[in-house]
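Notes for the one structure printed next.
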Amino acid sequence: TEGLTHADNCTAAPPGFYATEGAAAPSACGGPSLYCVGGEGSPRTVSAGNETFTDATLDGAPADADDTSTRTSQRSCGDGVTCVAGLGVPCKIGSYCVAGIEYLCPAGVVGEAEELRTAACSRPCPRGAYCEEGSTAPQLCPAGKYGAVEGLTHADNCTSTPAGYYSTEGAAAPSACG
């Protein structure tokens, strides 16, 4: 507004926006990696492990909570998601996420789905197969070897088939010849 006579007549930028000194109008905060609580001269950068969001309970908050250019707040990412540049993204297969941080599924288990929340991932690696770190599907023990137990972590953990027996690919136990 033109013709203001005192600093008290100036209007603070609303949540989701910022205003630099002398600005005639507030500017949208920016992308999802930025948020503006209101009344400030520059956007804040989201902290690691956090996502930005629009807090609709704030007085004057933007009506469109899905508009990533006018975010007002940040919060910790939950389990099953990882935070990337202020956005919560589903944890990808072969991994699990705790508090917004992504980890590879440990060897011996398989991660067959998105948004896993614990190191147990989807399930133990089945008999007849092995699962290395970050596995998205069990790898079958090769022919001539077998996997008698769940949770094998490497092809070297598959047991060689003894003389007088044979094992096909993915065998959980050897079969007698003849």
(request) Among the residues of segment 146-178, write down those that are without any contact (Cβ under 8 Å) to a residue 40 or more places away in the chain and of a type in the set (Val, Ile, Thr). (result) VAL149, THR159, THR161, THR168
(message) I need every pair where a residue in segment 118-145 that is over 11 Å from GLY108 (Cβ atoms) and of a type in the set (D, E, K, R) has its Cβ under 6 Å from the Cβ of a residue that is open to solvent by 60 Å² or more (accessible area, probe 1.4 Å) and part of a loop (DSSP other than H, G, I, E, B), sequence separation at least 6 or different chains.
(response) ARG127/GLU150
(request) Would you point out the residue of segment 117-151, among those that are over 26 Å from LYS92 (Cβ atoms) and assigned to a strand (DSSP E or B), that is farthest from the chain's Cα centre (by Cα)? (result) LYS145
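So that you can scan it fast, the table gives a plain yes or no per residue for (1) in a loop (DSSP other than H, G, I, E, B); (2) within 30 Å of VAL109 (Cβ to Cβ); (3) among the basic types (Lys, Arg):
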{"site": "THR20", "(1), (2), (3)": "yes, no, no"}
{"site": "PRO32", "(1), (2), (3)": "yes, no, no"}
{"site": "GLU40", "(1), (2), (3)": "yes, no, no"}
{"site": "ALA61", "(1), (2), (3)": "yes, no, no"}
{"site": "ALA65", "(1), (2), (3)": "yes, no, no"}
{"site": "ARG75", "(1), (2), (3)": "no, yes, yes"}
{"site": "GLY78", "(1), (2), (3)": "yes, yes, no"}
{"site": "VAL89", "(1), (2), (3)": "no, yes, no"}
(request) Give the number of residues within segment 45-64 that are out of contact with any strand residue (DSSP E or B) (no Cβ under 8 Å at 6 or more places or on another chain) and on the phi > 0 side of the Ramachandran plot. (result) 1
(request) Mind listing just one residue for me: the one in segment 30-43 that is under 12 Å from GLY16 (Cβ atoms) and touching a Phe, Trp or Tyr at 6+ places or on another chain (Cβ under 6 Å) and, of those, surrounded by the fewest Cβ atoms within 10 Å (Cβ to Cβ)? (result) GLU40
(message) Based on this model, can you work out whether ALA65 counts as modelled with pLDDT under 90 and closer than 20 Å to GLY88 by Cβ?
(response) yes
(request) Output the residues belonging to segment 127-151 that are under 14 Å from SER167 (Cβ atoms) and not aromatic (Phe, Trp, Tyr). (result) ARG127, GLY128, ALA129, LEU140, CYS141, PRO142, ALA143, GLY144, LYS145, GLY147, ALA148
(message) Can you tell me how many residues within segment 49-70 are hydrophobic (A, V, I, L, M, F, W, C) and either more than 22 Å from the chain's Cα centre (by Cα) or open to solvent by less than 40 Å² (accessible area, probe 1.4 Å) (or both)?
(response) 4
(message) For segment 71-91, check the following and say yes or no: at least one residue is open to solvent by 50 Å² or more (accessible area, probe 1.4 Å) and without any contact (Cβ under 8 Å) to a residue 12 or more places away in the chain.
(response) yes
(request) Considering each of THR82, THR136, THR118 in turn, give the residue that is at pLDDT 95 or above, of a type in the set (Val, Ile, Thr) and under 30 Å from THR45 (Cα atoms). (result) THR118
(message) Looking at segment 80-87, can you tell me whether even one residue there is of a type in the set (Ser, Thr, Tyr), under 19 Å from the mean Cα position of the chain (by Cα) and within 30 Å of SER27 (Cβ to Cβ)?
(response) yes
(request) Please state which one of TYR165, TYR146 is surrounded by 18 or more Cβ atoms within 10 Å (Cβ to Cβ) and either at pLDDT 95 or above or among the small types (Gly, Ala, Ser) (or both). (result) TYR146
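The values are calculated or read from the model by the stated rules, or taken from the named source; none is laboratory data. Predicted model, so just to flag it, every value in this text is computed and none were measured. No Cβ is skipped: glycine too gets one built from the backbone with ideal geometry, and neighbour counts run over all protein chains shown. With ligands, DNA and RNA removed, areas are computed over all heavy atoms of the protein, side chains included. Shrake-Rupley method; radii C 1.70, N 1.55, O 1.52, S 1.80 Å.
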